[in-house]
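Notes follow once the structure below has been shown.
Just so you know, all these numbers are worked out from the coordinates, no wet-lab data involved. Just so we're clear, the structure is a prediction, and the values are computed from it rather than from any experiment. Virtual Cβ from ideal backbone geometry, glycine too; neighbours counted across all protein chains shown.
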Amino acid sequence: MSGTLNKVMLIGHLGDDVKMTYFEGGNCIGRFPLATNEVYTNRTTGERVTNTEWHTIVVRNKAAEICEKYLSKGDKVYVEGRLKTRQYQGEDGNTRYTTEIQVTDFTFLSTRKEAQQDTMASSQPIQQPPSGASQSRSTTTEISDEDDDLPF
């Protein structure tokens, strides 16, 4: 195979809100940290261990504006993109490197607002229809079954 592949797929939770940077000409970049977890049980102690890996996610232009509008800290998101290492000068004058995920596609899996709404909806009691309404539905069903001309 002569080609190469640089592809990353992550599902994780936002560690902070999307931070936007705007440029002349109307372009913009959104950045946010994404946490992914690895959970396993230590064989010697039987203790459950969770390791968190942090990724810097970079989204551009219209996609960045959508992420800023709908995502907030704690939301679960799927991102797909490519690894990009860039170099910059640190405050101390030393050259530093950082590896980022340049997003090409994303899907919102859950938002904190949705999770709160689901929790509130499940805590409210389900209202049952009045007893007369349920009886009239069963009567209607019985009548339609008698008028049925199907052989089975």
Open item on the list: Looking only at the stretch 42-65, filter to residues that are β-branched (V, I, T) and surrounded by 10 or more Cβ atoms within 10 Å (Cβ to Cβ); which one of those is farthest from the chain's Cα centre (by Cα)?
Closed with: V49
Open item on the list: Quick check on D75: is it of a type in the set (D, E, K, R) and under 19 Å from L14 (Cα atoms)?
Closed with: yes
Open item on the list: Can you tell me how many residues within the stretch 23-41 are aromatic (F, W, Y) and surrounded by 11 or more Cβ atoms within 10 Å (Cβ to Cβ)?
Closed with: 1
